[in-house]
Structures are given as C-alpha cells and as structure tokens.
Amino acid sequence: MNIIITGGGAVGYHIAKLMASESQNIYLIDQCKDRLAYVQSHLDVFAIHGDAKSISILKEAKVESCDLLIAVTASEETNLLVSILAKKFGAKRAIARINNLELNEQDNVDLFTSLGVDALISPVRLAAQEIVRLVENSVFTDDHEFESGKLNVFGITIDDSSPLKDKTISESAYLNPELAFKPIALHRRDRTIIVSADTKIKENDIVYFISNDESINHVIDICGKACFDIKNIMILGGSSIGILTAQLLENKYNVTLIEKNKELCEEIAGQLKNTLVLNIDGRDVTAIEAEGLEDMDAFIAVTGDSESNIMSSLVAKNHGVKKTIARVENIDYIHLSQNIGIDTLINKKIIAASNIFKYVRKGEVEAIANLHGVDAEIIEFVVKPNSKVTKKRIRDLKFPKTANISGVVRNNVGFIPFGEFQLQEGDRAVVFSLTETVHQIEKFFL
C-alpha cells in the first residue's frame, strides 16, 4: 500500500512505526525539521518537509496514487482539510484525527463523509471509552467486544486460588465441558505466548480468553476471581481524557476528579454536572487521603505525566483500591503493568493506531483490537466466498502456530470453533495472531 501520514508527532510516529515494519510505502509530512530528522533516523519512511495543506506537497507525496491518507497533525482543521483535498486528488481513503468531540456526532460525521473523509478518529474518545469498559468489567485487565458482545476477548490475572494454576490447557479441559470459551494466549512478564494443549498456566500470568456472553462469569470463577461492585471512583487529572471519562461515568458512579490547576478546576466544574471537582495536587498523598482515597473502588490516573500516573496508582493500590488504571505516554511502560501491580496501563497512541489499522489489513476486516502490552492483534474478518479458510476444516488449514481462529459469529450467534469446524462464506471470524505473522493470516481470508 502507498500511505501518506501527515503529522510526525506522537500519534503519527507510532502509526508510521507500526506500518513501516510491514513494508508499506510511507510518506510522512511534517513542518518541523527536527521531528522529521528523528523520524528518518528511526524509521524507513519517505520524509517530506512542508505544510500538508499545500497542494504541491501532497503531489510530492504522490497523493494521486495514495491508498490511505492518515491526517494526525495537532490541528483538526488541517487534518480535515488535508483529508478532503487528498480525496479530491485521487486518494482512495482518508482518515482524520479530531480533538473536538462534537464532530463525532452522527450528523457531523455524515457531513464530513459527504466531503470525502472516510473516518474521524478521536484518540481521546477512544481512550475514555476503553477506560469505561475496564471500569464496568472490574476483574479484567483488557476487554474487547465483537459483534455487540456476541463474542468477548478479555484478560484475567491468575491468582493462587485459581483451579487453572499449574495446569496445562489439556489438564484443565474438564472445566469447560460445553466448549463455550477457550484460552487463546497468555502474557508472562514481557512475553506473549499463544497457548497450546501442553501450555502450563502459572500464578500471575495474564490469560486471555474468548467467550460467548453467557460463559463470562464461569471463566471469572475458574480464574479464582470474583466480580466486585464499583461505586466510588477517583480520577486524577483534568485532561481531556479525564473530563470525558468523568462525563461518561458520572451518571452511574460517584465520581471525584482531582486537578491541581485552579483555573482549570473551575472550568471543569462548569462542564461536569454530577462530579465532585477538587483543586488538589495529586502528588500530595495526605490531601487525597483526606478526600477519601481509601473509600474508592477505582482510581484512574490520566494526567499528562506518565510517572505521576504510575506512582499515584501504586499509592492507590497500597490504600486498598481494587481497580487502578493509569495513562502512560511512553509505550515502553506498557509492559510494566503486570510486574508492578497496576491493573491496566493505557496508551492513546496504541488505541488510536489499532482503530486505524483495520484500513491497512488485507481481506475484509470488520474490526481490530490490541491488548495492552501484548505484541498481538485480534482481527475480525468477514469470510469471503472461496477464500482459503472455507476449503478445509480448521485443523487442516496449516494455520501458523503463532495464531488461531478463536471465535466465529454465524447467523448472529457467537460460538467457539475447534479443530473439526469449517468456516463458511459470511461468517465473521475472530482471529488472534502475533503481529509478526498477521500477513500470513491475511492470505487465508483473501
């Protein structure tokens, strides 16, 4: 594919890094020479210095033969204009990053679609929605729905009390007599392991399951966990993610938002109707203790400082808070959550990239999800007529060992396929694959 990325900031760089590793032809446009120099020294891309709104710059990037334009500068006006121009000059598809959440309203989405913008991506909204899902599913480290919940992929940390502990997958098969779920991978320290029959599950492993909706509670039980109610939530940081998260939670939970900037506090208090907004420095442990930290069921740290978010979440955990979520900007930190005791570390760049990646994948891709700290993708393919996966049973497909067909939705019903199952045209197949072998998987669905 020929791809143009406008904006070499954090989001643009991360998307370019992921796509460059897959041998795509990438042009990255940015006005900052220093940023471009950094990109060129780290990635195999064509760097172009200039204003992406310039028609001559777009032509230099060969916009007329562009398969996908991704506009992710800091200016949503620039992103929208560039996307519209690119489509007019022949780009097949254009995606624009937005910051103004009002633009996500359906009427506005339809307006920009009519102008040629194929998709609007809001990293802030995507991150806030992911936080809400993690709050609503309190025992999960990750949670992704497919086909409106007909299939669910989620991660659970294995405790000492779990019947799965120190058993191989085959030894624990008796716990799943109806074959309504299956473990598909596990994360151990900094390794991602695709499970097989002889994979042994150990204490503190994060195991990723796929399940139909009816079996989720059973999976939670055999992992030695119990769902707990969340009523009181403390959010640290009046960032755009913090504000939107509070808005999404405040009508269902008792939400307290902590922000150290007094003027910003007053502004936020005017936006949030049912949230207690407090002007406190989150690094002042005594102050947040006085505001009821020990009474909180969940603590969400979303300031712009990754280290502060991590440390404050650890403080909350030490005070007995059951659910902790911390925003980090440094992607290298994502792998730390399992080792340091925070339930989930989130990164909006990764979340945004996973939503954009479905436009890059081959085959008819309906959705893509990434698990936190795991070098793998969960891809929902719509099975095409005469594709390779329709020719044989799953056990005879010679699927890569670093991937598996984890779930299928057929006739609006979700279920878990095993070796004897054969896919049909129109099925929606949920595939779990290590990133390194996704290209091999795509060929099965063409």
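Some points to look at:
- Placing R0 at 45 angstrom, the Cβ-Cβ distance between Glu203 and Asn386 gives a FRET efficiency of 0.45 after rounding to 0.05.
- Sparsely packed loop sites in the stretch 36-121 (the GluC sites (Glu not before Pro) outside DSSP H, G, I, E and B with at most 15 other Cβ atoms within 10 Å) comprise Glu105.
- About the Cα centre, charge dipole magnitude for the stretch 291-446 (Lys/Arg +1, Asp/Glu -1 at Cβ), debye: 1060
- With contributions of -39500 (n - 2.57) from each DSSP H run of at least four residues, the per-residue ellipticity at 222 nm computed over the chain stands at -8500 deg cm²/dmol.
- Net charge of Cβ neighbours under 12 Å - reference Phe154; Lys, Arg +1; Asp, Glu -1: -3
- Annotation for the stretch 110-207: GluC sites (Glu not before Pro) lying in DSSP loop with at most 15 further Cβ atoms inside 10 Å of their Cβ are Glu171, Glu178, Glu203.
- R0 of 51 Å, Cβ-Cβ distance Glu267-Gln422: FRET efficiency to nearest 0.05: 0.30
- Computed over the stretch 128-222, relative contact order equals 32 percent, with contacts defined as Cα pairs under 8 Å that lie 6+ residues apart.
- Each other residue within a Cβ distance under 13 Å of Arg191 adds +1 if Lys or Arg and -1 if Asp or Glu, for a net charge of 0.
- Centroid-to-centroid separation of the stretch 126-145 and the stretch 11-89 [C-alpha atoms, Å]: 31
- Among [x] 34, 33, 19; [y] 34, 24, 20; [z] 54, 28, 23, the entry derived from the coordinates for semi-axes √(5λ) of the Cα gyration tensor in Å: [x]
- Spatial offset of the stretch 246-261 relative to the stretch 347-413 amounts to 35 Å, using the alpha carbon center of each.
- Size of charge dipole - the chain - debye, nearest 20, with Cβ of Lys, Arg +1 and Asp, Glu -1, no other charges: 1660
- Selection from Asn100, Ile158, Thr78, by position along the positive dipole direction of the stretch 39-181 (Cβ): Thr78
- Considering only beta bridges that DSSP places wholly inside the chain, some 50 percent are antiparallel.
- Geometric descriptor of the stretch 1-69, per residue, is 69 Å³ (volume of the convex hull of the Cα atoms).
- Among Met19, Gly116, Leu397 the positive-end extreme of the charge dipole of the chain (Cβ point charges): Leu397
- The length gained by stretching the chain between Ser196 and His319 to full extension, at 0.36 nm per residue less their Cα-Cα distance, is 40.4 nm.
- Given +1 at the Cβ of Lys and Arg, -1 at the Cβ of Asp and Glu and no other charges, the dipole of the stretch 230-328 around its Cα centre is 400 debye to the nearest 20.
- Calculated FRET value between Glu171 and His42, using beta carbons and R₀ = 45 Å, to 0.05: 0.50
- Extension gain, His49 back to Asn412 (0.36 nm per residue minus Cα-Cα distance, nm): 125.8 nm
- Lysines with Cα under 20 Å of Lys260, excluding same-chain neighbours fewer than 8 positions away: Lys273
Read the figures in this text as sums done on the coordinates, not as results from a lab. Quick caveat: nothing in here was measured; it's all calculated off a predicted structure. Virtual Cβ from ideal backbone geometry, glycine too; neighbours counted across all protein chains shown.
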